[in-house]
Each structure stands twice: as C-alpha cells, then as structure tokens.
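Chemist: Below you'll find the structure I mean.
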Amino acid sequence: MIEARGIGKFFSVVNDKGLAEGLTAVLNVSLAIPDGRIVSLVGPSGCGKSTFLEILAGLQAPSDGEIRIDGKLVLEPLPSTRREMEEYKRRYRFISPLANGVFRDRPKHDIAMIFQDYAVFPWMTAMQNIVFALKLRSAGKGRSERPSRARMAEKARFHLGRVGLAGAENKYPSQLSGGMRQRLALARALAVEPKIILMDEPFAAVDALAREKLQDDLLRLWGETLESPRPVIIVMVTHDVSEAVYLSDEVIVFSPCPGTIRNRIPVDIPRPRARTDPAGIELQERVFAMLQYDINQESEYTI
Ligand SMILES: Nc1ncnc2c1ncn2[C@@H]1O[C@H](COP(=O)(O)OP(=O)(O)OP(=O)(O)O)[C@@H](O)[C@H]1O
Ligand SMILES: [Mg+2]
C-alpha cells in the first residue's frame, strides 16, 4: 500500500532577471494505492508528474506532506521553519538539509524505477545490467544472505527469458532495438523483485506496435505477481490516454502546474481487456476532454 498525504513540492528558481523566485510544482496531492494495482498519472507537460513520481520513489524529498509505503515513511519533508530545522538537526545530527537522505536512517523500500531515456546502462551488456541491479540490491545484506555470482547470473538469464530476450545476454543496449531496450529495463526492474514499479513514460520512445506488445508484456508479468504473496503495484506516468485506460485500474488526471489531482477515474473493465472495448473508448474520451480543457484554459490564461 502506498499512501501519499498532502504532498507538495516547492522549488527555488532563478528567473530571467537573475532574481530568485519560487515555483510550486506539486500541490497537496493525497492518494492511496492498494497492493496489486496499476495506476496511471496523466496531465499536461510540466505539471509535476515526474516530480511526484520521484517523491514516491524517495529520490526527492517533498516540501510538504509524507509518503508511506506499508506504513513506513519514505522521506520526510525538508524543514521549512527554523523550529523544524532545529528539530531536524537534533534528530539526524547533520549539517545541511541538502544531505537529506544521505545521513539519515533510510528505510529500505522495494521500489524499482524505470526512467524514460536512461533506463539501462549503455556500457554494460544486457546480462551485466541485470546482474549489476541484483548486486546493488544485495549490497546491504550480510555475506551469508548475498546470492552467489552464479545464482545472480542464473536469475538474470531467467528474467531476460521472461521478457523475450533470451539470446541477447551479451548484447549492449546500442545493439538492441528501442522496444528491446525497454524490455531489458523491465527485466531489470522485475529481477530485483520489487513491491512497487514506478515508470516515467516508459514506452514513449517506441513505435505503436512495439508499444502494444510491451503493454501486454507488462500486464502479463504484473498478472503473474497477483497470484504471489507480493502483488506488485505499478505507478506509471504517460501522455498516452489510451495506454492509461488500457493498463490501469485507475487514471489520475493532474491539473496544470502546480500539479494537483484534478480527477480520479476508476477503470472497472475486467481483464483481459480489448483495445476496442466501447467502455474503454468512452473513458479515454472523458480523460482526453479533461486534458484538453485544462490545456485550453491554460493557454488563455498565459495569453
Ligand atoms: N530541480 C528543479 N528545479 C526547479 N524546477 C524544477 C525542478 N524539477 C522540476 N522543476 C519544475 O517543476 C515543474 C514540474 O516538472 P516535472 O518534470 O515534474 O513535470 P512533468 O509533469 O513530468 O512534465 P512532462 O510531462 O513534460 O515530463 C516544471 O515547471 C519544472 O520546470
Ligand atoms: Mg516528466
């Protein structure tokens, strides 16, 4: 279970006159996502989706609110008042709030994140990419709990096979197609057996056919975890409304910047779904109309 309570994110930026000004990227976002759900975040460009996803992952600290995963805090907000700062220093005995997440006791969460363009390391082969992720995961464990090199290689081979990349073990990402690279990223995310997979426009760079295949692969791999004691949660940012409706249990529509939740649209269509299902198409149109409305409103506002 992921719980976000009153998440806000404020950035200080320098404007064209060289003056500092504030920018609120995310404002008061609260939501709860139960285990085994797929949730998509859609919204206009620059509305804070990636920022929110990174806060979920604990890669950025929120300015307000908190994220809990199975009741455990991910990262707490940075101190914003002097009193909070004092309290913070006492607790973590460190020098600067910028060190947030470095010095503190970081709770370990089982999260895998797939970024759009930097999903895999180009200087490692497919196999090495996965083994490296497994090594990172086991780094904090005691010697006896760490899997052997042979065990890791075996696991990497298994996961490459699951996404249809058997035989591509020794290829570098540059030798793979865009769709294959995304499948490699997926294999790497799944290999560490996360409880949560966060994806930031994972399929944006591949052509329409490959994209549909990747979506079905994702659904199949996610479906397999539903039977297990650890049903995986997937949170995905996408600009593709049909993808959001096809994959998700719920589509969350963000407003233009500062990103707040504008609407939550449950998708109660049983799986396996047909892409041409009229109920799905109707939902797509609803989401699309909301996005269109916001974009039009925003352009009137800026003109
Ligand atoms: N580190 C940062 N410092 C200052 N401003 C930032 C920073 N990161 C993001 N922003 C600003 O926060 C806002 C939200 O950015 P974010 O990347 O979360 O948007 P997004 O919804 O993912 O957009 P897109 O759909 O184009 O990927 C933008 O206005 C962006 O300029
Ligand atoms: Mg983004």
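The values are calculated or read from the model by the stated rules, or taken from the named source; none is laboratory data. Here the structure is a predicted model, which means the values were calculated and not measured. Methodologically, a virtual Cβ is constructed for each residue, glycine included, from the backbone with ideal geometry; neighbour enumeration extends over all protein chains shown. Remember, those area values only see protein heavy atoms, side chains included, never the ligands or the DNA or RNA. Shrake-Rupley method; radii C 1.70, N 1.55, O 1.52, S 1.80 Å.
Chemist: So which of LEU214, LEU190 is in contact with a His (Cβ under 9 Å, 6 or more places away or on another chain), at pLDDT below 90 and among the hydrophobic types (A, V, I, L, M, F, W, C)?
Modeler: Sole residue among the options that is in contact with a His (Cβ under 9 Å, 6 or more places away or on another chain), at pLDDT below 90 and among the hydrophobic types (A, V, I, L, M, F, W, C): LEU190.
Table: residues versus (1) within 30 Å of ILE38 (Cβ to Cβ); (2) open to solvent by 50 Å² or more (accessible area, probe 1.4 Å); (3) modelled with pLDDT of 75 or more.
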residue: PRO107; (1), (2), (3): yes, no, no
residue: PHE115; (1), (2), (3): yes, yes, no
residue: LYS135; (1), (2), (3): yes, yes, yes
residue: ALA153; (1), (2), (3): no, no, yes
residue: LEU176; (1), (2), (3): yes, no, yes
residue: LEU186; (1), (2), (3): yes, no, yes
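Chemist: Next question, about the same structure. Do any residues in region 3-25 that are without any contact (Cβ under 8 Å) to a residue 12 or more places away in the chain have Cβ atoms under 8 Å from those of residues that are among the hydroxyl-bearing types (Ser, Thr, Tyr) and within 15 Å of ligand 1 (Cβ to nearest atom), where the two are at least six apart or on different chains, and which pairs are they?
Modeler: Close Cβ pairs satisfying both conditions: ALA20/SER12; GLU21/SER12.
Chemist: Can you name every residue in region 4-23 that is open to solvent by 50 Å² or more (accessible area, probe 1.4 Å) and in contact with a Gly (Cβ under 8 Å, 6 or more places away or on another chain)?
Modeler: ARG5, PHE10, PHE11, SER12, VAL13
Chemist: Sticking with this one: When region 32-53 is examined, which residues are found to be near ligand 2 (Cβ under 9 Å from one of its atoms) and either under 14 Å from ILE234 (Cα atoms) or not assigned by TED's automatic domain parsing to the domain that holds GLU3 (or both)?
Modeler: Once the filter is applied, which keeps residues that are near ligand 2 (Cβ under 9 Å from one of its atoms) and either under 14 Å from ILE234 (Cα atoms) or not assigned by TED's automatic domain parsing to the domain that holds GLU3 (or both), region 32-53 yields only LEU53.
Chemist: Here's a follow-up. Would you pick out the residues in region 242-259 that are within 16 Å of ligand 2 (Cβ to nearest atom) and either under 23 Å from LYS195 (Cα atoms) or open to solvent by 10 Å² or more (accessible area, probe 1.4 Å) (or both)?
Modeler: Of everything in region 242-259, those that are within 16 Å of ligand 2 (Cβ to nearest atom) and either under 23 Å from LYS195 (Cα atoms) or open to solvent by 10 Å² or more (accessible area, probe 1.4 Å) (or both) turn out to be GLU243, ALA244, ILE252, SER255, PRO256, CYS257, PRO258.
Chemist: Let me ask you something else. Exactly one condition in (1) open to solvent by 10 Å² or more (accessible area, probe 1.4 Å); (2) among the hydrophobic types (A, V, I, L, M, F, W, C); (3) part of a helix (DSSP H, G or I); (4) within 16 Å of ligand 1 (Cβ to nearest atom) is false for VAL287; which is it?
Modeler: (1)
Chemist: Pull out all pairs, ordered by first then second residue, where Cβ-Cβ is under 8 Å, the residues are six or more apart or on different chains, the first lies in region 32-59 and is free of Cβ contacts under 8 Å to residues at least 60 places away in the same chain and open to solvent by less than 10 Å² (accessible area, probe 1.4 Å), and the second is part of a loop (DSSP other than H, G, I, E, B) and within 16 Å of ligand 1 (Cβ to nearest atom).
Modeler: Here the result reads ILE55/ALA61; ILE55/PRO62; ILE55/LEU75, each pair linking region 32-59 to a residue that is part of a loop (DSSP other than H, G, I, E, B) and within 16 Å of ligand 1 (Cβ to nearest atom).
Chemist: Wholly within region 1-55, which strands (runs of 3 or more DSSP E) include no fewer than the required count, namely at least 1 residues that are over 20 Å from VAL253 (Cβ atoms), at pLDDT below 95 and of a type in the set (S, T, N, Q)?
Modeler: Those strands (runs of 3 or more DSSP E) span 2-14.
Chemist: Considering (1) modelled with pLDDT of 95 or more; (2) within 16 Å of ligand 2 (Cβ to nearest atom); (3) not aliphatic (A, V, I, L, M), say which one HIS239 fails and leave the rest.
Modeler: That leaves (1) as the condition not met.
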